[in-house]
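S.K.: Here's a structure for you.
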Amino acid sequence: MQTNFNIAQLANPDIEHAEKILRSCVHCGFCLATCPTYQIKGDERDSPRGRIYIIKDVLENNKKPDKTAVRHIDRCLSCLSCMTTCPSGVDYMHLVDHARYRIEESSFRIWHDRLLRKLLSYVLVRPQLMRLALHLGKYPIHIFSLMPGKFGAIGRLGKIKIPNQSKFSKPQTFLPKGKRIARVALLAGCVQQVVGPQINESAVRLLTKMGCEVTVIDGFGCCGALPQHMGKREEASSLARRNLIALSIEEKKNGNFDSFIVTTSGCGTTLKDYEKVLASEPDLNRDSRRFASLVADISEFIHKYDTTIPEPISKNIRVAYHPACSLQHGQKVVEAPKELLKKAGYKVLNIPDSHICCGSAGTYNLLQPEIATELQIQKAVNINSIKPDIVATGNLGCILQINQSVEVPVLHIVELLDWASGGPKPEILN
């Protein structure tokens, strides 16, 4: 793609980076075939290629994004399916980030949209506050859950079961069972430790059984993915900076980690991208690059060590594996989860159109509920068509989204691996 930035514009590192990405696009349109929003809306402005033209126009002409630009960029899920499809290697993920930064910094949003985004970016990254908000949300749920649009989507959060707080989310170290093969850190998460603490409980049991010493790092909090996807660059980089400081303090006390394990793939994609998240802070460049190299999805890590399951579960259990977009497109981890489930004795089923997003996408299902619901329904139809006993995935957001529209249990893959290796049967299966 030809660009027309002037020398003064290219002196800005953000514009220079965006210009290189724009030039790599060859207008082929392959991305249209795999873009969920284009499939639903049929408007090229709701496709990666269309958004690239919008972003080019805004950046080249140094324009304030208008309502049309904001609407179509906001509709992007950041599922990154387009990057898997693109034959030219267009780095769409970082280009749309630039657009979101520009929107957040310069555009006008309706007051209630601004307020909602501020609340989400503040509450969701603070587990105790989120727990309180979900408890309080149970009272007006019957009113808000019946409302259309964003208010209804937020109201339905009150239906989420809130488990008791888990000791596994607190900063501490879990010793390995037998000889130590690795020292790893485990992300406690923010939303996950409130509504899905059993996931990390399963992860700790599985990892220590493998021979890993597992540490939940004191002071390591939200990865920054949620504010990052809402264009809140300073909030995201602040969280990333705080996390690297917490990691440094822990490693100075007790030695370096061999890996940093993540059980929420949406977080993993951002953590592996810390070098870009902190690009404006060159003093942290070496630390962010090293940290990103340590990050591994739990399925990726276990598969690397080729762990065998001592007593596989009966092969009569049919498991539909839903590959989260952040895992299959963002991190290119595709076969490892399925191979692990097969080794554990499950009969793994492939979901039709599994490359298409379920509509969760972080806060997308709250900010764009109409499109998210259409994608949710499509995903449910495809899952139901193969008649599984269980749905397994590697991302909490997908679990919550899919669970609303299918009748079979939806679990994290690590819960099934833990069960197969002698851990407790997941409560949802009882």
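S.K.: Please identify the cysteines of the chain that lack any partner cysteine with a Cβ under 4.7 Å from their own Cβ.
M.R.: Unpaired cysteines in the chain: Cys25, Cys28, Cys35, Cys76, Cys86, Cys212, Cys358, Cys398.
S.K.: Place a +1 charge on the Cβ of each Lys and Arg in the chain and a -1 charge on the Cβ of each Asp and Glu, then give the dipole magnitude about the Cα centre in debye, rounded to the nearest 20.
M.R.: Working: 55 positive and 42 negative charges, 150 e Å.
Computed charge dipole of the chain: roughly 720 debye.
S.K.: Filter Lys167/Lys253; Lys118/Lys252; Lys118/Lys161 down to the pairs with a C-alpha to C-alpha distance above 28 Å, please.
M.R.: Working: Lys167/Lys253 22 Å; Lys118/Lys252 35 Å; Lys118/Lys161 24 Å.
Beyond 28 Å: Lys118/Lys252.
S.K.: Once each part is reduced to its C-alpha centroid, what is the distance from the range 1-66 to the range 247-288 in angstrom?
M.R.: Spelled out, the Cα-based centre of one part sits 29 Å from the other.
S.K.: Report for the chain the percent antiparallel among DSSP-assigned beta bridges with both residues inside it, nearest 5.
M.R.: Numbers: 3 of 23 bridges.
Taking every DSSP beta bridge with both residues in the chain, the antiparallel ones total about 15 percent.
S.K.: So, one more: Calculated from DSSP H runs of 4 or more alone, at -39500 (n - 2.57) each and per residue, what is the 222 nm mean residue ellipticity of the chain, nearest 500? Write down the numbers at each step before the final one.
M.R.: Numbers: 24 runs with 216 residues, N = 430.
Roughly -14000 deg cm²/dmol at 222 nm, from the helical runs in the chain.
S.K.: With 10 angstrom as the radius, rank Tyr38, Tyr101 by how many other C-beta atoms surround their C-beta, starting from the fewest. Could the numbers behind the result be given before it?
M.R.: On the way: Tyr38 23, Tyr101 17.
Listing Tyr38, Tyr101 from fewest to most nearby Cβ atoms yields Tyr101, Tyr38.
S.K.: Search the structure for amide H atoms under 5 Å from the amide H of Phe260, placed 1.01 Å from N in the peptide plane, and list their residues when 5 or more places away or on another chain.
M.R.: Ala185, Val295, Ala296
S.K.: Report the Rg/Rh value for the chain, based on alpha-carbon coordinates and the Kirkwood definition of Rh. Write down the numbers at each step before the final one.
M.R.: Numbers: Rg = 21.3 Å, Rh = 22.3 Å.
Across the chain, the Cα-based Rg/Rh ratio is 0.95.
S.K.: Treating cross-link reach as a plain straight distance, find the lysines whose alpha-carbon is under 17 Å from the alpha-carbon of Lys64, omitting any fewer than eight places away in the same chain.
M.R.: Lys56, Lys232
S.K.: I've got another one for you. Give me the orientation-averaged projected area of the Cα convex hull of the range 199-329, in nm², one decimal. List each step's numbers first, then the result.
M.R.: On the way: hull surface 37.3 nm².
Quarter of the Cα hull surface area: 9.3 nm².
S.K.: Taking the Cα centre of the range 1-62 as origin, work out the dipole magnitude from +1 charges on Lys and Arg Cβ and -1 charges on Asp and Glu Cβ, in debye rounded to 20. If you can, show how the numbers build up before the last one.
M.R.: Details: 7 positive and 8 negative charges, 35 e Å.
So the dipole magnitude of the range 1-62 works out to roughly 160 debye.
S.K.: Also: Quick one: in the range 310-429, what % of C-alpha pairs are over 24 Å apart?
M.R.: Numbers: 1576 of 7140 pairs.
Of all Cα-Cα distances in the range 310-429, 22 percent exceed 24 Å.
S.K.: Now a separate question. Percent relative contact order of the range 5-53, based on C-alpha pairs within less than 8 angstrom and at least six residues apart? It would help to have the intermediate numbers written out before the result.
M.R.: On the way: 27 pairs, mean separation 12.0, N = 49.
This gives 24 percent for the range 5-53.
S.K.: Taking the range 10-100, which trypsin sites (Lys or Arg not before Pro) meet the DSSP loop condition and have no more than 14 other C-beta atoms within 10 Å? Each step should come with its number before you reach the end.
M.R.: Values: sites: Lys20, Arg23, Lys41, Arg45, Arg49, Arg51, Lys56, Lys63, Lys67, Arg71, Arg75, Arg100; in loops: Lys63, Arg75.
Those that pass, being in a loop and sparsely packed, are Lys63.
S.K.: For the range 310-429, calculate the relative contact order in percent as a whole number, restricting contacts to Cα pairs under 8 Å that are 6 or more residues apart. Working shown, then result.
M.R.: Values: 184 pairs, mean separation 36.6, N = 120.
Relative contact order comes out at 30 percent.
S.K.: For the chain, what does the relative contact order come out to in percent, with C-alpha contacts under 8 Å and a separation of six or more? The partial results should precede the final answer.
M.R.: Numbers: 709 pairs, mean separation 58.5, N = 430.
14 percent.
Taken together, the values in this text are just the output of simple stated rules run on the coordinates, not laboratory data. Bear in mind that the values here come from a model prediction, so they are computed numbers and not experimental data. Glycine also receives a Cβ, built like all others from the backbone with ideal geometry; neighbour counts cover every protein chain displayed.
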